[in-house]
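Student: One structure, as structure tokens, below. Some questions next.
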Amino acid sequence: MTKIRLGMFALVLASLCLTGCLSHWFLESETRLQVENATEDCTLIAIDVISEDGSSVRPWIHEKVLPGERSHVVETDWVGKFNLRFKFVDAKNAKDTIVDTQSFEIEGGSLYLMVEGDQDSLTYRFR
């Protein structure tokens, strides 16, 4: 009877080891981001992830989010500290691009980011 239980335990353990990285069972590695543009005069046109040295840029959200609207939810596999670059244009004029870079600690899961303020001062907060 003990050999059967030991064999079953070994079989279960082997199958668990073949399912992938065990850290994904305990840590959320997928990040889902939705952004609400709570400004009155800025249209969000992009959110990019920039490397620490600035040599590479990866797009995260690339859609126009008008004042008062929300973006689609975009899922990525990023967890850690990142520099996010936000690009805005004047909602009425759309000539000048406003670029703002902020550093965030992203822990995975579902994130809802509100962008508030105006062209002179933008604030970012997660809800």
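Student: Inside the stretch 38-77, counting only strands (runs of 3 or more DSSP E) that do not spill past its ends, which hold 3 or more residues that are out of contact with any Cys (no Cβ under 8 Å at 6 or more places or on another chain), open to solvent by less than 80 Å² (accessible area, probe 1.4 Å) and closer than 11 Å to ALA91 by Cα?
Tutor: On the way: elements: 42-50, 57-61, 74-76.
Once the strands (runs of 3 or more DSSP E) in the stretch 38-77 are filtered for at least 3 residues that are out of contact with any Cys (no Cβ under 8 Å at 6 or more places or on another chain), open to solvent by less than 80 Å² (accessible area, probe 1.4 Å) and closer than 11 Å to ALA91 by Cα, what remains is 42-50.
Student: Another question, if that's okay. What's the number of the condition LEU66 fails, among (1) at pLDDT 75 or above; (2) of a type outside the set (S, T, N, Q); (3) over 28 Å from ASP100 (Cα atoms)?
Tutor: (3)
Student: Could you grab the pairs with beta carbons closer than 6 Å, sequence gap of 6+ or different chains, first residue in the stretch 60-82 and of a type in the set (A, V, I, L, M), second one assigned to a loop (DSSP other than H, G, I, E, B) and open to solvent by less than 90 Å² (accessible area, probe 1.4 Å)?
Tutor: Listed by first residue and then by second, the contacts come to ILE61/SER71; VAL65/SER71; VAL79/SER29; VAL79/GLY108.
Student: Those residues that are over 12 Å from the mean Cα position of the chain (by Cα) and open to solvent by less than 20 Å² (accessible area, probe 1.4 Å), I need them from the stretch 90-117; list them, please.
Tutor: Within the stretch 90-117, MET114, VAL115 meet the criteria.
Student: A further question on this structure: So which residues in the stretch 36-89 are of a type in the set (Asp, Glu) and under 12 Å from the mean Cα position of the chain (by Cα), if there are any at all?
Tutor: So the first thing to find is which residues in the stretch 36-89 are of a type in the set (Asp, Glu), and the list is 36, 40-41, 48, 52-53, 63, 69, 75, 77.
Within the stretch 36-89, ASP48, GLU75, ASP77 meet the criteria.
Student: Residues of the stretch 85-127 being of a type in the set (A, V, I, L, M) and either within 13 Å of VAL35 (Cα to Cα) or not in a strand (DSSP E or B) (or both), which ones?
Tutor: Taking the stretch 85-127 as the starting set, the residues that turn out to be of a type in the set (A, V, I, L, M) are 89, 91, 94, 98-99, 106, 111, 113-115, 122.
Across the stretch 85-127, the qualifying residues are ALA91, ALA94, LEU111, LEU113, MET114, VAL115.
Student: Among the numbered criteria (1) surrounded by 12 or more Cβ atoms within 10 Å (Cβ to Cβ); (2) touching a strand residue (DSSP E or B) at 6+ places or on another chain (Cβ under 8 Å); (3) among the small types (Gly, Ala, Ser), which one does SER29 miss?
Tutor: (2)
The values are calculated or read from the model by the stated rules, or taken from the named source; none is laboratory data. It should be emphasised that the depicted structure is a prediction, and the values quoted were computed from it without experimental measurement. Note that each Cβ is placed from the backbone with ideal geometry, even for glycine, and that neighbours are counted across all protein chains shown. The area values use the complete protein model at the heavy-atom level, side chains included, leaving out ligands, DNA and RNA. Shrake-Rupley method; radii C 1.70, N 1.55, O 1.52, S 1.80 Å.
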